[in-house]
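Data block below; observations after.
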Amino acid sequence: MMVEPRSSSTFAPAVQAALHPIVCNRIAPDFFSGALLGNGGMGVVVTTRPDAVILHFSHNNVWDQRIAEQDAGKVGTFSEVFERLKRLPDNIGSLVEDEWYREYCLMLKETYNNPYPRPMPCGSVLLGYDRRKAEVLGHTVHISNGLCEVRFLVEGIPATLRIFVEASRDRLWMSFVNEAGMPIAAPFDRVRLIPDPSTPQEFPPAGCTADMEAAFLSMRQLLPYLESGTERHSKDKAFRLTL
């Protein structure tokens with residue numbers, strides 16, 4: 001069988017991607033079952049539960065050391081790793097039975113066992129609603145344009161929460177629309193900014209500010225340069241999450 005390559009003039013990537021949205025037809029309360037959004041710097045995981053939509057934020061500037069510096073040259077490329085895997089014996093029951101593969105996996109996970117740096121989410125935004133009035137049916141991620149749609153029934157009528165992350169700015173936009181795509185009042189009756197619950201105790205606590213008249217909430221988390229975290233340093237950094 002021969003597969004003819006498609007002409008670049010007739011292949012439209014965005015059109016093809018639009019045919020393959022990621023669809024979840026239930027609530028997704030677990031972090032690893034949520035919808036993934038991002039722009040290469042800021043990442044957002046959209047989770048849903050029976051009484052709320054929760055947006056979990058993270059950023060590469062806060063934590064991005066996934067491989068120990070001394071092991072950076074041992075990772076290899078995808079093609080190099082796959083070629084090595086192809087040479088494994090056919091009679092092994094599992095890949096982890098191979099000593100090279102087992103040690104390779106341990107090396108990749110090494111930094112995740114260290115207290116610092118660590119994959120700390122940059123806080124979460126909770127949008128709560130009354131379960132007697134609204135219900136989440138599921139969500140869809142359109143990989144052709146990066147739009148996430150959380151499907152609702154509000155007082156028995158279909159509606160959608162649209163969520164989008166800007167490509168060039170660390171900003172997330174939301175709108176609540178009816179079946180015709182027209183903006184309507186959202187069912188959310190409470191909002192909360194939540195610092196990462198696994199933040200080390202030696203870190204200074206997150207500081208929160210609120211202006212109810214301006215509908216403004218903000219959270220700031222200091223990231224100490226020194227591991228002790230008890231003394232301020234000129235190289236201390238921080239991130240801010242604002243709603």
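The values are calculated or read from the model by the stated rules, or taken from the named source; none is laboratory data. Small disclaimer: the values here were computed from a predicted structure and weren't measured. FYI the Cβ positions are ideal-geometry reconstructions off the backbone, even for glycines, and counts take in every protein chain you see. Note: areas computed on protein heavy atoms with side chains; ligands, DNA, RNA excluded. Shrake-Rupley method; radii C 1.70, N 1.55, O 1.52, S 1.80 Å.
Are any of the residues in the stretch 201-219 out of contact with any Cys (no Cβ under 6 Å at 6 or more places or on another chain), part of a loop (DSSP other than H, G, I, E, B), more than 18 Å from ILE54 (Cβ to Cβ) and aromatic (Phe, Trp, Tyr)? Outline the logic, then answer.
Looking only at the stretch 201-219, we keep the residues that are out of contact with any Cys (no Cβ under 6 Å at 6 or more places or on another chain), and these are 201-218.
Subset that is part of a loop (DSSP other than H, G, I, E, B): 201-206, 212-215.
Next, from what is left, pick out any that are more than 18 Å from ILE54 (Cβ to Cβ): 201-205, 212-215.
Right, trim to aromatic (Phe, Trp, Tyr) and you get 203.
So far as the stretch 201-219 goes, yes, one or more of its residues are out of contact with any Cys (no Cβ under 6 Å at 6 or more places or on another chain), part of a loop (DSSP other than H, G, I, E, B), more than 18 Å from ILE54 (Cβ to Cβ) and aromatic (Phe, Trp, Tyr).
Would you mention how many residues in the stretch 136-177 are in contact (Cβ under 8 Å) with a residue 24 or more places away in the chain, assigned to a strand (DSSP E or B) and of a type outside the set (A, V, I, L, M, F, W, C)?
4
Taking into account only those residues within the stretch 196-243 that are of a type in the set (Phe, Trp, Tyr) and farther than 19 Å from ASP170 by Cα, which is surrounded by the fewest Cβ atoms within 10 Å (Cβ to Cβ)? Let's see the steps before the verdict.
Looking only at the stretch 196-243, we keep the residues that are of a type in the set (Phe, Trp, Tyr), and these are 203, 216, 225, 239.
This time we only want the ones that are farther than 19 Å from ASP170 by Cα, so: 203, 225.
Values: PHE203: 15, TYR225: 13.
Among them, the one singled out is TYR225.
One line per residue, one yes/no per condition, for (1) open to solvent by less than 100 Å² (accessible area, probe 1.4 Å); (2) at pLDDT below 95:
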site: GLU4; (1), (2): no, yes
site: THR10; (1), (2): no, yes
site: VAL23; (1), (2): yes, no
site: ARG26; (1), (2): no, no
site: PHE31; (1), (2): yes, yes
site: LEU37; (1), (2): yes, no
site: GLY41; (1), (2): yes, yes
site: VAL44; (1), (2): yes, no
site: THR47; (1), (2): yes, no
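Right, ALA180: touching a residue at least 40 places away in the same chain (Cβ under 8 Å), over 21 Å from LEU126 (Cβ atoms), in a loop (DSSP other than H, G, I, E, B) and open to solvent by 80 Å² or more (accessible area, probe 1.4 Å) or not?
Working: touching a residue at least 40 places away in the same chain (Cβ under 8 Å): no; over 21 Å from LEU126 (Cβ atoms): yes; in a loop (DSSP other than H, G, I, E, B): yes; open to solvent by 80 Å² or more (accessible area, probe 1.4 Å): yes.
For ALA180, the condition - touching a residue at least 40 places away in the same chain (Cβ under 8 Å), over 21 Å from LEU126 (Cβ atoms), in a loop (DSSP other than H, G, I, E, B) and open to solvent by 80 Å² or more (accessible area, probe 1.4 Å) - is not met.
How many residues, within the stretch 103-134, are of a type in the set (Val, Ile, Thr) and either in contact with a helix residue (DSSP H, G or I) (Cβ under 6 Å, 6 or more places away or on another chain) or modelled with pLDDT of 90 or more (or both)?
Step one: list which residues in the stretch 103-134 are of a type in the set (Val, Ile, Thr), which gives 111, 125.
Applying the additional criterion that residues be either in contact with a helix residue (DSSP H, G or I) (Cβ under 6 Å, 6 or more places away or on another chain) or modelled with pLDDT of 90 or more (or both) yields 125.
Total meeting the criteria: 1.
Restricting to the stretch 161-177, name every residue that is over 20 Å from ASN60 (Cβ atoms) and open to solvent by 90 Å² or more (accessible area, probe 1.4 Å).
Within the stretch 161-177, TRP173 is the sole residue that qualifies.
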